[in-house]
Amino acid sequence: MAIKSKGYQVWDGQLLRRALGWTPIFRQGVLQVFRKKRAKALYIFAGLPLLIFAAVIYVMTKPELKVFSEFIREYGTDPKLFGAYFTNGFMIFILLLLSVHAGASQIAGDRKSNAFALYFARPITKLDYILGKLAVVMFYLLAFTLAPGLILILLKMLFTGSMVIDLQVAGATVIFPLLVSLCFATMILAFSSLARSGKLVTVVLFVLYFASDIVQGILSGIFRSRWFHLLSLRENIQNFGWTIFGANTRADDVLLGWLSGLVLLVLTAVFGGVLALRIRRVEA
């Protein structure tokens, strides 16, 4: 009978990777964000536009309320109504707050605690890690943009008793929040990957957001040109929103709106590239 010495046996099995390896990161991240201090107050605050515009839709179905006749003339069409909902300054500021709330510490916290060795010791890839973190931020942004937009469409059908809805508005209600949320999500995660402090990421994002507004305001005033609106994140979101919802009718407004959409796409690609490079470097 042969006697084998005990010792280390090299494992020669096959490591199987899950198709949805990012889902545990997403699930845990959503719960962690939800448990943050003052999270509930922020969610109530972020839900105010839905309540306001639900009341507006109800009022628009009551022509006997003459006190709102001027408002109805201004926003009585689907493109203008939904364009106003998604592009008002209050909604964009809420997206900024939600981005900071959900994403500022997503990667900065992992850098601070040196958690990357733990993440990549498991059968997940860089793509799984990025998708998991991105999905957390997108979940909270879409919960207060895409979901309320679809609810408003259903409420309009319910209050008017008609299933008819402008197809361009219905498509824009899906496409617009997806693109804008993706831009905010990649931006905040790119900044988070560059720092070890969520507070620093928050400050940087707020400074850049308001600085872009100030710079475009100064240059637009000096040169009397609307093309400098492309320098402002807020203006790009608003111009693109009015155009994709079909509320812009002038040719130059439509052109500026589509260029603003292109700017948002470019920003998303740039910040996504920065994020991918940072995670690759950290894993290495």
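Observations
- Selection count where residues are closer than 19 Å to R278 by Cα and in contact (Cβ under 8 Å) with a residue 24 or more places away in the chain, scope region 200-221: 4
- Hey, F184 within 30 Å of I57 (Cβ to Cβ) and touching a Phe, Trp or Tyr at 6+ places or on another chain (Cβ under 7 Å) or not: no
- Exactly one residue out of K133, K126 is within 19 Å of I279 (Cα to Cα) and either modelled with pLDDT under 90 or touching a Pro at 6+ places or on another chain (Cβ under 9 Å) (or both), and it is K126.
- Qualifying positions in region 238-284 - hydrophobic (A, V, I, L, M, F, W, C), closer than 19 Å to A172 by Cα, in contact (Cβ under 8 Å) with a residue 12 or more places away in the chain and in a helix (DSSP H, G or I): F240, W242, I244, L256, W258, L259, V263, L264, L265
- Test for L154: is it more than 15 Å from the chain's Cα centre (by Cα), within 13 Å of F53 (Cβ to Cβ) and free of Cβ contacts under 8 Å to residues at least 60 places away in the same chain: yes
- Residue within region 155-173 that is buried (at least 18 other Cβ atoms within 10 Å of the Cβ), in contact with a helix residue (DSSP H, G or I) (Cβ under 8 Å, 6 or more places away or on another chain), more than 22 Å from N88 (Cβ to Cβ) and polar (S, T, N, Q) present: no
The values are calculated or read from the model by the stated rules, or taken from the named source; none is laboratory data. It should be emphasised that the depicted structure is a prediction, and the values quoted were computed from it without experimental measurement. Heads up, the Cβs are rebuilt from the backbone with ideal geometry, glycines too, and the neighbour counts pull from every protein chain shown.
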